[in-house]
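Notes follow the structure.
Readers should treat all values here as calculations from the given coordinates under stated rules, not as data from a laboratory. As the structure is a prediction and not an experimental result, all values here were calculated from the model. All Cβ positions, even for glycine, are placed from backbone atoms using ideal geometry, and neighbour counts span all protein chains on display.
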Amino acid sequence: MKKYILALGLLLFCGVLAWPPAGAAEIPDVEEIVDRANRVAYYAGEDFRASVRMVISDAQGRTRERQLIMLRRDVNDGGEQQFYLYFEKPADVRKMVFMVHKFLDRDDDRWLYLPALDLVKRIAGSDKRTSFVGSHFVYEDVSGRGIAEDNHELVEVTDSHFILKNTPKDPDNVEFSSYTMWIDRENFMPVKAEYYDKQDRKYRLMEALEVRSIQGHPTVVKSRASDLAGGGETVTEFNDIRYDLGLADSIFTERYLRRPPREVR
């Protein structure tokens, strides 16, 4: 989803350049590339609202759908954020809420409200790499992976992309050994990520299918997460996207887990 650091134009790669020719723009260092990509992908505008449709397909081609409203608010630019996801369809998940308080110096706080049980469940940091509501996205994809959790290496530069290898600093805390990310050189939007398991086999792919400029922000409106090992995929579409609504901090509190705010009705 907004975890969700993806854009259009994944297959139109040009020839590889070790470095740009004389007179071309200087290549930023890898930490600057990562920081700028993180801000472009996750911090556009002061806040954000969208209607989201997820189509989950298994290895046999059978599909299920989820429809939800997503709200995001920046506490400070490039830093703490708040997310609120309210599920509308189907009936078995209607009124379910997933809320995240994202931090840079510690694990995020995550809550899941299950209306059928009238239960608020805290999601532990150890669960952040598990499936998000049965999809091929994981909980961590919603708010994004902290850039300080990985070591970053610029391994290739093409006419159109920076290509980075990212290795977790705490490999025992995640299921992957590394992931490779393509970042658009023009706008610093990450456009594709390939994940490798502990045996260095590619098993997961995240990519953009469509991007548009909305209120001056490059915005992913369609993305896909694919299970390359077991089969199946989840395609996510974002509609009715709006930035800078002035969302109140009070929306992102436990008070509204059971009683959704008017912004999602």
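Helix 30-42 and the longest principal axis of the C-alpha atoms of the chain enclose an angle of approximately 30°. Lysines near K202 by alpha-carbon distance under 16 Å, same-chain residues fewer than 8 away left out - which ones? Candidates past the 8-residue exclusion: K165, K192.
Applying both filters, DSSP loop and at most 13 other Cβ atoms within 10 Å, to the chymotrypsin sites (Phe, Trp or Tyr not before Pro) of segment 29-104 eliminates every site. Only helical runs count toward this figure. For the chain, summing -39,500 (n - 2.57) over DSSP H runs of n ≥ 4 and dividing by all residues gives -2000 deg cm²/dmol at 222 nm. For the chain, relative contact order (Cα pairs under 8 Å, six or more residues apart, normalised by length) works out to 24 percent. A simple spin-label model places pseudo-atoms 7 Å from Cα toward Cβ; at R242 and T167 they are separated by 4.7 nm.
A59 sits among other residues whose Cβ lies under 10 Å from its own Cβ, and their net charge, with Lys and Arg +1 and Asp and Glu -1, is -2.
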